[in-house]
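Student: The following block contains the structure, expressed as structure tokens.
The values are calculated or read from the model by the stated rules, or taken from the named source; none is laboratory data. Keep in mind that what you see is a predicted model, and the values were worked out from it rather than measured. Note that each Cβ is placed from the backbone with ideal geometry, even for glycine, and that neighbours are counted across all protein chains shown.
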Amino acid sequence: MNTDAKTTYAQSSDIKSRTYLEYRHDMKVKAIAELEILPWLQNKIKEKDAKSVVEKYGGDKFIWFLRKGGITREPDFVIRDPDGQIKFLEFQYAKQELSAYDFKVSKITPTDRKQKARVPKKDTEILYVIKPTSEFALLTPKWIAKNSTQTQAAAWGNARVYRVGAQEIKKLMKQDEELKLACEMIDKKIAILDFQAQKLDMEKEKLSRLLQTVVDKDKLIKIMPRNLDSFYKVCFILDHINKTPDNSSLWLVYLLSFLEQPLNSHELFMLIYSLDFLYPRIELEKNELASLVKKLRKITELVGGFANARKGSFESDKNLAPIEETRNILFTINIIEDLTQDLLFYYGKDENLDLEPVTRIFQLIPDVDKTFDFIQKTQNRPA
């Protein structure tokens, strides 16, 4: 299950040249939206049929990123009615009102090999949401194909799309107050996702000189660092020069031993970054898997212990600024979620893992509204 730190992921032009973490960040934006929309969608479907069940495709083991990159072709949601009939939903949303709305031809009318022609999907509908107006519509592929023109979308690497004019799609749109709350939470969580991602840019700048002075690359992969700061810096360098350490499993065991020491939020960031670097490079044995799950639960407990429920921040050390401590912990939460779903996806089929699946992104934040407000107020405060 190895993956390269600098892998270019799939052939889609919109994801080439992104690092593994950057790729996951971009994929997580859609996961945030899907998981926030899901409870609202479940309520809307139950209004029509109380016995119908709506869930994220893949259930607890769904994953928003692939180790080799790219985009899954699986639907976003599955609806099961009492008679056993299954229908799929694809979810798209617009960040603003547009003069026209695009739908990828490949998703709406896949090629039928027998007919040798593109045919609208029959078991799938498109849930389309316009976020700023809290409007939604359920569109059939047949309707989209009929009420559109074909063109290319530069935003999607010049992919062929069906373009539906705003006047046409607005005829089917409905406003919903509960949808408005979901859309607001989507915006807040995406802002938090972007905020924590700034930590990497700050570290790149801080360690840029160290990267430039690396001489003996082969030595780096052979000698294991003996303290957490050095361990993190070596993992950071190896990540950026696309090298994997010898005996990665031993590196992982040693890294996790640092959890026996008291750690502040920055030290926890260093540990989780290093863990995220090592983990996909190792095919875990059963005992290693059990140990990692146990340590991941301990990291989760540490995160909870640093939460300041009143302020919405995270604090562990009076010598560190609360805004940067919060960034450190939000980065840690982000990686915990990625690791959790990766473990469930790749190992959960064969092992009963003692892990709480991710049902909402940033579910470890006690109060998302307070954390969002804390970040906004602190960042906008005059220097």
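Student: Can you find even one residue in the range 146-155 that is modelled with pLDDT of 95 or more and closer than 24 Å to CYS183 by Cα?
Tutor: So far as the range 146-155 goes, no, none of its residues is modelled with pLDDT of 95 or more and closer than 24 Å to CYS183 by Cα.
Student: Continuing with this model, one more query. Checking the structure you have, find out if any residue of the range 311-327 is closer than 23 Å to GLU351 by Cα, acidic (Asp, Glu) and either assigned by TED's automatic domain parsing to the domain that holds GLN363 or surrounded by 17 or more Cβ atoms within 10 Å (Cβ to Cβ) (or both).
Tutor: Taking the range 311-327 and keeping what is closer than 23 Å to GLU351 by Cα, we get none.
Scanning the range 311-327, I find no residue that is closer than 23 Å to GLU351 by Cα, acidic (Asp, Glu) and either assigned by TED's automatic domain parsing to the domain that holds GLN363 or surrounded by 17 or more Cβ atoms within 10 Å (Cβ to Cβ) (or both), so the answer is no.
Student: Hey, can you tell me all the residues within the range 98-134 that are touching a residue at least 60 places away in the same chain (Cβ under 8 Å) and more than 20 Å from GLU36 (Cβ to Cβ)? Quick ask: steps written out before the conclusion?
Tutor: Step one: of the range 98-134, the residues touching a residue at least 60 places away in the same chain (Cβ under 8 Å) are 98-103, 127, 129.
Correct list: LEU98, SER99, ALA100, TYR101, ASP102, PHE103.
Student: Can you give me the number of residues within the range 1-55 that are at pLDDT 50 or above and among the β-branched types (Val, Ile, Thr)?
Tutor: We begin by selecting, within the range 1-55, every residue at pLDDT 50 or above; these are 18-55.
Those still in the list that are among the β-branched types (Val, Ile, Thr) too: 19, 29, 32, 37, 45, 53-54.
Number of matching residues: 7.
Student: Please go through the range 106-153 and give me each residue that is among the polar types (S, T, N, Q) and within 21 Å of ILE79 (Cα to Cα), ordered by number.
Tutor: Filtering the range 106-153 down to residues among the polar types (S, T, N, Q) leaves 106, 109, 111, 115, 124, 133-134, 140, 147-152.
Answer for the range 106-153, where residues must be among the polar types (S, T, N, Q) and within 21 Å of ILE79 (Cα to Cα): THR109, THR124, THR140.
Student: Which one of GLU324, GLU301 is without any contact (Cβ under 8 Å) to a residue 24 or more places away in the chain and assigned to a helix (DSSP H, G or I)? Full working, then the answer.
Tutor: Working: GLU324 fails: without any contact (Cβ under 8 Å) to a residue 24 or more places away in the chain.
Just one listed residue meets the conditions, GLU301.
Student: Restricting to the range 37-51, count the residues that are under 19 Å from ALA137 (Cα atoms) and outside any helix (DSSP H, G or I). Spell out how you get there, then give the answer.
Tutor: Filtering the range 37-51 down to residues under 19 Å from ALA137 (Cα atoms) leaves 37-49.
From what's left, outside any helix (DSSP H, G or I): 49.
Number of matching residues: 1.
Student: Of everything in the range 78-115 that's part of a strand (DSSP E or B) and small (Gly, Ala, Ser), which residue is nearest to the chain's Cα centre (by Cα)? Break it down stepwise before answering.
Tutor: Keep residues of the range 78-115 that are part of a strand (DSSP E or B), which gives 78-80, 86-94, 100-104, 111-112.
Still in the running and small (Gly, Ala, Ser): 94, 100.
Values: ALA94: 19, ALA100: 28 Å.
Restricting to residues being part of a strand (DSSP E or B) and small (Gly, Ala, Ser), the top hit is ALA94.
Student: Now for a different question. For the range 137-149, name all the residues that are touching a Lys or Arg at 6+ places or on another chain (Cβ under 6 Å) and outside any helix (DSSP H, G or I). Lay out the reasoning, then the answer.
Tutor: Within the range 137-149, the subset touching a Lys or Arg at 6+ places or on another chain (Cβ under 6 Å) is 141, 148-149.
Of everything in the range 137-149, those that are touching a Lys or Arg at 6+ places or on another chain (Cβ under 6 Å) and outside any helix (DSSP H, G or I) turn out to be SER148, THR149.
Student: A further question follows. In this structure, is SER249 closer than 26 Å to ASP350 by Cα, small (Gly, Ala, Ser) and out of contact with any Pro (no Cβ under 9 Å at 6 or more places or on another chain)? Full working, then the answer.
Tutor: Details: closer than 26 Å to ASP350 by Cα: yes; small (Gly, Ala, Ser): yes; out of contact with any Pro (no Cβ under 9 Å at 6 or more places or on another chain): yes.
For SER249, the condition - closer than 26 Å to ASP350 by Cα, small (Gly, Ala, Ser) and out of contact with any Pro (no Cβ under 9 Å at 6 or more places or on another chain) - is met.
Student: What do you reckon, is GLU184 of a type outside the set (Ser, Thr, Tyr) and touching a residue at least 12 places away in the same chain (Cβ under 8 Å)?
Tutor: Answer is no for this residue.
Student: Inside the range 36-66, can you point out the residues that are aliphatic (A, V, I, L, M) and touching a Phe, Trp or Tyr at 6+ places or on another chain (Cβ under 9 Å)?
Tutor: Of the residues in the range 36-66, the ones aliphatic (A, V, I, L, M) are 37-38, 41, 45, 50, 53-54, 63, 66.
Scanning the range 36-66 gives ILE37, LEU38, LEU41, VAL54, ILE63, LEU66.
Student: Could I ask something else about it? Out of GLU351, GLU356, which single residue is without any contact (Cβ under 8 Å) to a residue 60 or more places away in the chain and not polar (S, T, N, Q)? Lay out the reasoning, then the answer.
Tutor: Working: GLU351 fails: without any contact (Cβ under 8 Å) to a residue 60 or more places away in the chain.
None of the other options fit; the residue is GLU356.
Student: Mind checking which residues of the range 304-320 are part of a loop (DSSP other than H, G, I, E, B) and closer than 12 Å to SER265 by Cα?
Tutor: Applying the first criterion (part of a loop (DSSP other than H, G, I, E, B)) to the range 304-320 yields 306, 309-312, 315-320.
Listed by number, the residues that qualify are PHE306, GLU315, SER316, ASP317, LYS318, ASN319, LEU320.
Student: Name the residues in the range 261-282 that are of a type in the set (Asp, Glu) and modelled with pLDDT under 95, would you? If you could, list the steps in order and put the result at the bottom.
Tutor: From the range 261-282, those of a type in the set (Asp, Glu) are 267, 276; that's our starting set.
Across the range 261-282, there are no qualifying residues.
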